[in-house]
Structure formats: C-alpha cells, structure tokens
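This report refers to the structure that appears directly beneath it.
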C-alpha cells in the first residue's frame, strides 16, 4: 500500500505533463531528485497523507491533460495518426495562431508597462493604507473576472450603442466604427484584454517593486547619484528579470483566455481557443474528429515554452529578493 | 532622510496622477455597465425599470435560469473552497513538516494548471466527467472537482506565502513537546497561524469560481456565467446588472479581507 502511495505521488507530478520538465532552477540543494528516492527514515504512514491529493491531481489534472494531448494523435476510429498534427500547418489554423500571438503580445507588453507604472505609483502609498487595499482588491477581482462580464462591459462602453461610442459621436464627431465594427473582431479583443492584463501585472509585479531595498537608494544618494541614476543603474536592472517574467505570464494569460473572446466574437474562429471550441462543437467534419486535440498540443507547446522561460527568469529574480 | 527616500519613491503628486488616471480609465467600462442598466428606451431616457424588474415576482420564471445558475455557482464555490481546505492545505502542511524535499514537486504540480489552458483541460475532462457522472451523477457540485484544479495555482500561492512567514516546524515541535496530539497541533496551533493565507486562498477561489465560464459552458453546466450569457440574449439589461452585482460582491469581499489583514498587521507591529 505504501509502495503504491509512493508511486502515485510520483505519478501525480511527473506524468502530469510529460512535455514539461522541471525548470532549470539555480538553487543548490539537490531537491530535484525523484520523489520515490527519498530516505526511509520517517514512518511510511505519513506518505499515506499525500495520497488523496496525489489521486485527485492524477484524476482531474494529469489524466485530462494527457487525454487532451493524446487525442491529437488518433483518428475517429482510435487508430494512430499524424494527420491531425498536419492540420496545424493549414492556413486557417496558422492564421489563428498568428492572431492569438499578436493579440497576446500587444496586450502583454502594454499591460506590463501600464501595470508597472501603477506599481511605481503605489510605492508612494502606505502599504497598509486604504488606497493600497482598494487597489489590491480591485486588481484581484478584475484579473479574475475576465470573460463574459468583461465582454458585457465593453459592449456597454464601446459597442455600437456604447456610452463612449455615443459620446464621441455626438459630442466630438468621432465615429469609432467608421471603418466597420471592429469590436467583434480580433482588434476588439485588445481593450478588453488590457482590462485584465493590467490588474494581473499589478498583482504579480508589486512584490518585486516592494523588494527594492531602501539601502540601495541610500547608497545611491551617498555616492552622489540622482533619481535618474538610481532608476536606470540600480532599480531597472534589478527589476528587469521579474518584469520580463511577469510579461511572459501576461502573454500566457492572454493566449489561453477564452471566455471574453467567446462572448464577443460569435462568428468565425480567429484565435486558437475559438478554433478549439469549433472543433469540439462540430465534431462532424469527416476525419477531423480530433482536431481539438492537435490544437491543444499546439497551445500547450506555446505555453510550455513561455512558462519555462518564466520560471527560469523567476529563479534568477529570487536571488535578489532574499 | 526624506531626500534619500525621494529617489526610490515617486513624489506624492506623480503617484496620485498615475493612480487617478488609471482608476478613471478603468472606471469607464464599469460606469458604462451601470448606465446601461438604467437605460429606459431608445430615446435615451433613464429609470430604475430594469432593476425593479429583477425583484418583480412576475419575472421570476423568466430569470429562473439565472437564479439557478447563481445557486449552482454558490454551491460550486463552497465545494471548491472545501477541496482547497481539505485536500490542498493538509497536503501543503504535511509536505512542509515531513517531506521538505517534495516541496518543489508540489509547487510544480500546483503551477501546472496555469500552463494548461482551461479550453485544453476541457478536451480531456469530458471523458473523465462521463465516468464521474456514472459514479456520482451529474449534480452541479461535481464540477467543483475541475474548479479545484483551476484554483490550484492561486490557492497554493496564497497559502505558501503564509506558510513561509510562519515557522511551522518549530510550532509543531513545541506543541508536540508539550504533549499535544497531531489534531491539536493542526487545529489549535497551525491553523490559527495560517488563517490569513487560508482566507485569502478561499476568497480568490470564490472569485475564480464565480468568474469561470470556459469549463462550465463546454461541459454544458448551468453556472452564474453561463446563465448570464443565456439571459443576455433575451434581456441584456438584467445580465449586465447581475454581472455588476457579482463584481461588487467579489470586490467588497476582498476589500474587507484586505482591511482586516492590514489592521492585524498594524496591531502586531506597534
């Protein structure tokens, strides 16, 4: 029993996603050794305590992920095939990946810059004050409440009858949709996505900003440095890795976002998550039953690359924050 | 001294300008939603009609889906929090106390859900749920199994941050030395110290569950979000009103938790 417990707890982690390997962290303790190879000085019953969680993640994380990826390699009759993967090279699919990519990149960069500015401004605010609590709470809510409500909000704002649209048209004579209604197309995703990207940046980047030590600015001042030299020579180089890390996280966040796009874009499948929906819902296209699986593989590959880069950067940053 | 600090922190004016500008821009969509719910007709008038319609018992049938969805979401949020507290929290404490070498493995497992987009997870969850439905039926709460995975990264981080600041090992050893059983150690020594982390994890989990749409819609379940989409097709005003209420609810919840936390912090460090 205890032996199987060991195997399970190992399986829950190692098999959860075969494509992901532990990020190359720089910590010196050799904690990367496999779970099964731990010393046996402690009573085995404690291991049993780990089984429920291991079983749970195995059932609802490892198995679904592996299944999703595996379906990409089989056709409707269950025979092994690489045809689905070949579909990744089709113009429509490539186009969706390209759209997903640029929407994610643009909103990640803009969101990261605006979010970093907010973090910078928060440095002048009492960490336990009302403003800080307000910003923290608002950021957590807005970063999570993407999706459907966000789509509503932007339809009410810059939809055809939206508050801002009407205001601009009636008062300033500016027609937002002079070139056609872009809100329900890929460019229309940019503003809504920014609405959850900026709060996410505030949440993930604020700890790094707060990690700047006062002694550094004092040293800078003692040595005759100015505000400019402090930020360009000290703070920015120190913050760079965690800024890039947060940027990658924002990219991944936008790349995997589905609900907002699903609620805004009703026709066509211009980004990858919408294509997966299309493949899932209309499984009638002959010989393409498992296109969703191969699209999932494509997404996971992009995400794994991003997240590996993220954890590598994260490990670098942690050195500064001790 | 203030001259020294100055190079690290922006001036009060710069800080306020940035915060006010961003806050105003972020307020526009919320205010637009609010204005939208007061619209009376195409002539541009405003009244409370749509808000009154929500509480009007005559419309109860029309909005039944919505109230059902809200009910399901509340149940789902509760079960998801239960999963976090019963499954994740003890595992994290156990790993911290007994298997420090597994800490990186656990962290890795908990971060994976960020890497796997919900839409990808759904592809693989469908077969798992056909088994779940056979064993447990397809009652709304079963969806919480999937949500427990979605909230894993957030809940893990909230609890881990708290675990890091509390010397769990020494506390447990001390309690054990004084003759406490493991139950006492867990409930009377460790949990009170981890209250803030657990509370934060719970609140973030609630926010995630209330905002989740992808899994629910593709598995064909009725939750707050999916019912909002459904109702918005016939009555967009009410859908937007409920979206606002949900936003306000989550915000107030987090704000209160934040205030309680900072007041405690002030007391502890006089």
Residue A:262 vs (1) at pLDDT 85 or above; (2) farther than 23 Å from residue A:115 by Cβ; (3) within 19 Å of the chain's Cα centre (by Cα): all pass except (1)
Would you mention how many residues in region A:147-164 are outside any helix (DSSP H, G or I), within 7 Å of another protein chain (Cβ to nearest Cβ) and either on the phi < 0 side of the Ramachandran plot or at pLDDT 85 or above (or both)? 1
Here's a check for you: in region B:219-238, which residue that is within 27 Å of residue B:85 (Cα to Cα) and in a helix (DSSP H, G or I) is nearest to the other protein chains (Cβ to nearest Cβ)? B:225
Return a yes/no flag: does region A:269-276 have any residue that is closer than 21 Å to residue A:192 by Cβ and at pLDDT below 80. yes
State whether the residues of region A:73-82 include one that is in a helix (DSSP H, G or I) and modelled with pLDDT of 65 or more. no
Between A:248, A:239, A:244, A:286, which is touching a helix residue (DSSP H, G or I) at 6+ places or on another chain (Cβ under 9 Å) and either farther than 30 Å from residue A:183 by Cα or modelled with pLDDT under 85 (or both)? A:239
Checking residue B:207 against (1) surrounded by fewer than 23 Cβ atoms within 10 Å (Cβ to Cβ); (2) part of a helix (DSSP H, G or I); (3) in contact (Cβ under 8 Å) with a residue 12 or more places away in the chain, only one condition comes out false. Which one? (1)
Candidate set: region A:129-145, residues that are facing another protein chain (nearest Cβ under 7 Å) and within 22 Å of the chain's Cα centre (by Cα); chosen: the one nearest to residue A:182 (Cα to Cα): A:145
Among the listed residues A:195, A:120, identify the single one that is without any contact (Cβ under 8 Å) to a residue 60 or more places away in the chain, at the interface with chain B (Cβ under 10 Å from one of its Cβ atoms) and under 22 Å from residue A:248 (Cβ atoms). A:195
Which helices (runs of 4 or more DSSP H) sit wholly inside region B:1-86 and have at least 2 residues that are modelled with pLDDT of 85 or more, closer than 30 Å to residue B:157 by Cα and in contact with a helix residue (DSSP H, G or I) (Cβ under 9 Å, 6 or more places away or on another chain)? B:12-37, B:64-83
Assuming residue B:160 fulfils every condition listed in (1) over 18 Å from residue A:204 (Cβ atoms); (2) surrounded by fewer than 19 Cβ atoms within 10 Å (Cβ to Cβ) apart from one, which condition is it? (1)
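The values are calculated or read from the model by the stated rules, or taken from the named source; none is laboratory data. Predicted, not measured: the structure shown is a model, and the values here were computed from it. Heads up, the Cβs are rebuilt from the backbone with ideal geometry, glycines too, and the neighbour counts pull from every protein chain shown.
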